[in-house]
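What follows is one structure encoded as structure tokens, with my remarks underneath.
Each value in this text was obtained by applying a stated rule to the coordinates, not by laboratory testing. Everything numeric in this text was worked out from a predicted model, so none of it was measured. For neighbour counting, all protein chains shown are included, and Cβ atoms are generated from backbone atoms with ideal geometry for every residue, glycine included.
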Amino acid sequence: MSNVVYGVDVSQNVGPFQVRDALVECFNQAHCEMVELGESDEKMDREYCKSIVKNAFSEVGGDFENPTKEKIMAVMEHLAKFSETFRKPEIIQKHSKEIMGLVSRL
């Protein structure tokens with residue numbers, strides 16, 4: 001089993017910026033990498049997903065540049081609800097569980 005979850009080495013101390021970045025990577029994997037739009041630009045896809053996560057922070061009254069455990073959890077809930085129209089519940093639960101594993105280390 002890998003010690004890396006969405007780019008975060010879980011064998012080390014985990015901070016809120018790492019979890020925030022993992023959330024962006026998770027969302028990118030769950031949404032953007034599954035979208036087949038012909039010629040996809042990986043950098044644009046990442047930026048698009050990052051903007052969705054930034055917006056989610058704003059929606060829950062958080063600050064993307066200064067994430068807290070509480071706001072990261074609120075963002076996760078917000079993104080899970082957002083994702084309900086795009087992804088199966090099993091996929092949402094899988095990704096949520098992986099990120100919650102990181103959040104629990106904060």
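Details
- Any pair with Cβ under 9 angstrom, 6 or more apart, that starts in the range 1-22 at a residue that is free of Cβ contacts under 8 Å to residues at least 60 places away in the same chain and ends at one that is of a type in the set (Phe, Trp, Tyr) and in a loop (DSSP other than H, G, I, E, B): ARG20/PHE64; ASP21/TYR6
- The residue that is surrounded by the most Cβ atoms within 10 Å (Cβ to Cβ), among those in the range 53-102 that are touching a His at 6+ places or on another chain (Cβ under 8 Å) and part of a helix (DSSP H, G or I), is ALA56.
- Within the range 59-106, being under 11 Å from VAL19 (Cβ atoms) and without any contact (Cβ under 8 Å) to a residue 24 or more places away in the chain holds for LYS71, SER104.
- Selection of the range 55-78 for residues being of a type in the set (Val, Ile, Thr) and more than 11 Å from the chain's Cα centre (by Cα) yields VAL60, THR68.
- In the range 9-25, the residues that are within 16 Å of LYS69 (Cβ to Cβ) and either aromatic (Phe, Trp, Tyr) or crowded, with 19+ Cβ neighbours inside 10 Å (or both): VAL14, PHE17, GLN18, VAL19, ARG20, ALA22, LEU23
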